[in-house]
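The values are calculated or read from the model by the stated rules, or taken from the named source; none is laboratory data. Please read these numbers as outputs of a predicted model, since none were measured by experiment. Cβ: placed from backbone, ideal geometry, glycine included. Neighbour counts: every protein chain shown. Note: areas computed on protein heavy atoms with side chains; ligands, DNA, RNA excluded. Shrake-Rupley method; radii C 1.70, N 1.55, O 1.52, S 1.80 Å.
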Amino acid sequence: IDIHPLNPAIMFASANATNWPFSTIYGTGVYWTTNSGTNWAGFNNPPFGTNSGDPASAIGTNGYFYEGYISSSGGMGVSTSTNNGLTWTSSTASSMSSDDKNHLMVDKKVGSPFENRLYNTWTDFNFGANENQVVLKYSTNFGSSWSALVNLSGSLNPGSHAQGCNVQTGPNGEVYVTFAIYDGWPGGEDAIGFARSTDGGTTWTKTRIY
């Protein structure tokens, strides 16, 4: 759930929705209130189409609702509503087939140099240069299109993989991403990865915390 940064009466929430074993409901349910939770509207079946769930909700200073999720093909989808959930548009942040453990946030500080920039992060479990690493893309146009992919965990040398990312923004446009580092699998979480950007996600400093 997220709260409108300028109007706390507006909240936007989401959940993995299923009538297990699923038949007509599958994916990301989205729900919102404009009167501090007294009444709610929304959908168990997402209005932007069924998907593979793992939702993340955010509201920008302009009031736009953003919903991140795993697409039906296994990539990263993001849907945007500019009118409190009435209508939605969708984009593809990643068209891969094995993305997972995603999170999403928008810069919600009025006056930030990156106000309303949208950040989407996940673990890339596909074969290739970013296999098993936490990666990120950002959008400067409300989720319509996305930047080039940034690998956040590779330089921290996880022996197995990195996952469980969480992204947040700071008061001056900073971006922070944390995640767990697994040096072996199966096994425990061996360290925490921390990545920080002060230029809107273009460059990053990364730290491995034991």
Checking the condition free of Cβ contacts under 8 Å to residues at least 60 places away in the same chain and over 25 Å from S197 (Cα atoms), which residue from I1, I25, I10 passes?
I25
Could you please find all residues in the stretch 1-31 being more than 18 Å from the chain's Cα centre (by Cα) and either farther than 18 Å from S79 by Cβ or at pLDDT 95 or above (or both)?
L6, N7, P8, A9, I10, T18, N19, W20, P21, F22, S23, T24
Exactly one condition in (1) touching a Cys at 6+ places or on another chain (Cβ under 7 Å); (2) modelled with pLDDT under 95 is false for L86; which is it?
(1)
Identify, please: which residue in the stretch 83-126 is among the β-branched types (V, I, T) and free of Cβ contacts under 8 Å to residues at least 60 places away in the same chain and is, among those, farthest from N35 (Cα to Cα)?
T123
Selected residue (criterion: nearest to the chain's Cα centre (by Cα)) from residues of the stretch 99-115 that are open to solvent by less than 40 Å² (accessible area, probe 1.4 Å), more than 15 Å from D199 (Cα to Cα) and aliphatic (A, V, I, L, M)
L104
Is one or more of the residues making up the stretch 33-54 in contact (Cβ under 8 Å) with a residue 60 or more places away in the chain, touching a strand residue (DSSP E or B) at 6+ places or on another chain (Cβ under 9 Å) and over 22 Å from F125 (Cβ atoms)?
no
Within the stretch 18-32, which residues are outside any strand (DSSP E or B) and either open to solvent by less than 40 Å² (accessible area, probe 1.4 Å) or under 21 Å from N166 (Cβ atoms) (or both)?
I25
Take the stretch 116-131 and flag every residue that is open to solvent by 40 Å² or more (accessible area, probe 1.4 Å), more than 24 Å from P5 (Cβ to Cβ) and in contact with a Ser or Thr (Cβ under 8 Å, 6 or more places away or on another chain).
F125
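Taking the stretch 158-170, which residues are surrounded by 19 or more Cβ atoms within 10 Å (Cβ to Cβ) and either touching a Cys at 6+ places or on another chain (Cβ under 6 Å) or of a type outside the set (A, V, I, L, M) (or both)? Before you say what the answer is, go through the steps one by one.
Step one: list which residues in the stretch 158-170 are surrounded by 19 or more Cβ atoms within 10 Å (Cβ to Cβ), which gives 158, 161-163, 165, 167, 169.
Once the filter is applied, which keeps residues that are surrounded by 19 or more Cβ atoms within 10 Å (Cβ to Cβ) and either touching a Cys at 6+ places or on another chain (Cβ under 6 Å) or of a type outside the set (A, V, I, L, M) (or both), the stretch 158-170 yields P158, H161, Q163, C165, T169.
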Residues of the stretch 61-79 satisfying the condition of being in a loop (DSSP other than H, G, I, E, B), of a type in the set (G, A, S) and within 17 Å of I1 (Cβ to Cβ):
G63
Quick one: V150 ticks every box in (1) open to solvent by 60 Å² or more (accessible area, probe 1.4 Å); (2) among the β-branched types (V, I, T); (3) more than 29 Å from Y31 (Cβ to Cβ) bar one, so which box is it?
(1)
What are the residues in the stretch 171-210 that are small (G, A, S) and exposed (fewer than 14 other Cβ atoms within 10 Å of the Cβ), if any?
G184, G187, G188
Within the stretch 55-83, considering residues that are over 26 Å from S97 (Cβ atoms) and touching an Asp or Glu at 6+ places or on another chain (Cβ under 7 Å), the one surrounded by the most Cβ atoms within 10 Å (Cβ to Cβ)
I59
Considering the stretch 33-54 alone, what residues qualify as being open to solvent by 80 Å² or more (accessible area, probe 1.4 Å) and more than 16 Å from F12 (Cβ to Cβ)?
T50
Just to be sure before I move on: is T140 within 20 Å of S14 (Cα to Cα) and either surrounded by fewer than 17 Cβ atoms within 10 Å (Cβ to Cβ) or without any contact (Cβ under 8 Å) to a residue 12 or more places away in the chain (or both) in the structure I sent?
no
